[in-house]
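Reviewing the structure listed below.
The values are calculated or read from the model by the stated rules, or taken from the named source; none is laboratory data. Predicted model only: the values in this text are computed from it and were never measured. In this analysis, Cβ positions are derived from the backbone assuming ideal geometry, glycine residues included, and neighbour counts consider all displayed protein chains. Accessible surface is based on the protein model in full, side chains and every heavy atom, while ligands, DNA and RNA are left aside. Shrake-Rupley method; radii C 1.70, N 1.55, O 1.52, S 1.80 Å.
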Amino acid sequence: MNTQKSEKLFEEAKKYIPGGVNSPVRAFKSVGGSPVFIKKGYGSKIEDVDGNEYVEYIGSWGPHLFGHNPEFIKQALLRAVENGTSFGAPTELEVEMAKLISRLVPSVEMVRMVNSGTEATMSAIRAARGFTKREKFIKFEGCYHGHADYFLIKAGSGALTLGVPTSPGVTQGNASDTLVADYNDIESVKKLVSSNKGQVAAVIIEPVAGNMGVVKINESFLKELKTLCEEEGIVLIFDEVMTGFRVAKGGAQEIYGIKPDLSTFGKIIGSGLPVGAFGGRKDIMEMVAPSGPIYQAGTLSGNPLAMSAGYATLSYIKEHPEVYRTLEEKSQYLEEGFRDNLKALSKDYAWNRVGSMMCMFFTEGSVTNFASAVKSDTAMYGKYFHEMLKRGIYLAPAQFEAMFVSTAHTKEDLDRTIKAHYESLKVVI
Ligand SMILES: *Cc1c(COP(=O)(O)O)cnc(C)c1O
């Protein structure tokens, strides 16, 4: 595989951009080697600057439910650009977009558009704090909610100790308002709630975890979490930035039949343009400015290009609910192929899948939370990643990330991937 141009670009990039990339995981640090620079994408494939083509399973980290550059979204964008790129004034499409989101996700009575998933989760926490007049919130170890200071916190040494910043630049003050519980462990949440009685504004959770690899939620845990939040007057926030419109048209909350108070969206909602959204209960959302006192704003929020791509995507989903059956069939096919490979190689690696989000962990036994996920052999994942790449399959360049199937993946793509998976595993294990 010739990657000369990519390597040269990366050397150049490192002089002007920290680490050569605009978001850390792109730099291939956790798998080693030098990242390939992408020139274009079409359907299930991307092509790099050296002309190598890959079948890929990142889809820009989730947004591309229909693969790269589908014709109907491209057309919507071209039509929108004719009328101008931004006005900083309301447009009709924003009203249509808000209506459509609340039809697809019934818990969302009102919604505010923002420009990224990070902005959505940040704003949802502020809304919950403003609404409850409380300051602390609970998150789960291994869940990712963007890079706002108070999310970059890991658990302290004991369940009742203070959180610890995971990045320089995050203050101890920020850390002390973030309480960290264990995913799928209701007792860990109850302990935090009772030792911070009346002080917890919100619980924020990925209803399918997708940022420690893919980890399924235990349904009884989720039900108990909902009940606990109701009893304690805590705002329950589902961070559906990844799962929204991915695992079902109404997100993970549709699958599990649980209504959160607030939800956050991103990724698919912008179909590859920079978009996020937060929304939910009317009594909470009406507290947001300008109808209420909780400040939140954005020069480019509800941007016409972003709205046209997002609206085209969500309209397609509404009119073609069979999309999710197609995704399930393709994903199941891939899962069966991977599982057969593992059996043939006598390996019992953990494999988690919810719809078109999935992940193989290089650890035996089941992965149900952060502690079991981090048992994975990440060095082995790095080798596996490069073997797959050599065979024209582009996966996430890190173990603790999801693999996404799109409607554009053909049976031929999937068969090629299953074959590459077998050959790559044979080399690395
Ligand atoms: C990607 C992601 C975010 C952050 O979104 P950005 O657009 O990268 O800021 C937040 N929460 C979850 C669950 C995500 O997967």
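Tabulated values for the structure
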read-out: Criterion (more than 11 Å from the ligand (Cβ to nearest atom) and either of a type in the set (A, V, I, L, M) or crowded, with 24+ Cβ neighbours inside 10 Å (or both)) met by exactly one of Gly233, Gly302, Gly266, Gly270; value: Gly302
read-out: Test: residue in region 207-228 that is within 16 Å of the ligand (Cβ to nearest atom), in contact with a Leu (Cβ under 8 Å, 6 or more places away or on another chain) and either more than 20 Å from Glu135 (Cα to Cα) or of a type in the set (Asp, Glu) (or both); value: yes
read-out: Residue in region 319-336 that is of a type in the set (A, V, I, L, M) and within 14 Å of Gly276 (Cα to Cα) present; value: no
read-out: Residue selected from region 315-354 under the condition aliphatic (A, V, I, L, M) and open to solvent by less than 20 Å² (accessible area, probe 1.4 Å), by the criterion farthest from Gln399 (Cα to Cα); value: Ile317
read-out: Meets criteria (open to solvent by less than 40 Å² (accessible area, probe 1.4 Å) and out of contact with any helix residue (DSSP H, G or I) (no Cβ under 9 Å at 6 or more places or on another chain)) for Gly146; value: no
read-out: Test: Glu328 is within 20 Å of the chain's Cα centre (by Cα), among the acidic types (Asp, Glu) and outside the structural domain of Ala155 (by TED's automatic domain parsing); value: yes
read-out: Flag if Ala289 is within 16 Å of the ligand (Cβ to nearest atom) and surrounded by fewer than 24 Cβ atoms within 10 Å (Cβ to Cβ); value: no
read-out: Options Glu53, Glu82, Glu94, Glu47: the member that is within 16 Å of Val275 (Cα to Cα) and either more than 16 Å from the ligand (Cβ to nearest atom) or not assigned by TED's automatic domain parsing to the domain that holds Lys259 (or both); value: Glu94
read-out: Selection from region 400-418 of residues that are in contact (Cβ under 8 Å) with a residue 12 or more places away in the chain and either open to solvent by 10 Å² or more (accessible area, probe 1.4 Å) or touching a His at 6+ places or on another chain (Cβ under 6 Å) (or both); value: Phe400, Glu401, Met403, Ser406, Thr407, Ala408, Thr410, Lys411, Asp415, Arg416, Ile418
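Quick grid of which residues meet (1) open to solvent by 50 Å² or more (accessible area, probe 1.4 Å); (2) in a helix (DSSP H, G or I); (3) without any contact (Cβ under 8 Å) to a residue 12 or more places away in the chain; (4) within 16 Å of the ligand (Cβ to nearest atom):
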site	(1), (2), (3), (4)
Ala98	no, yes, no, no
Met113	no, no, no, yes
Glu119	no, yes, no, yes
Met122	yes, yes, no, yes
Ala128	no, yes, no, yes
Phe131	yes, yes, no, no
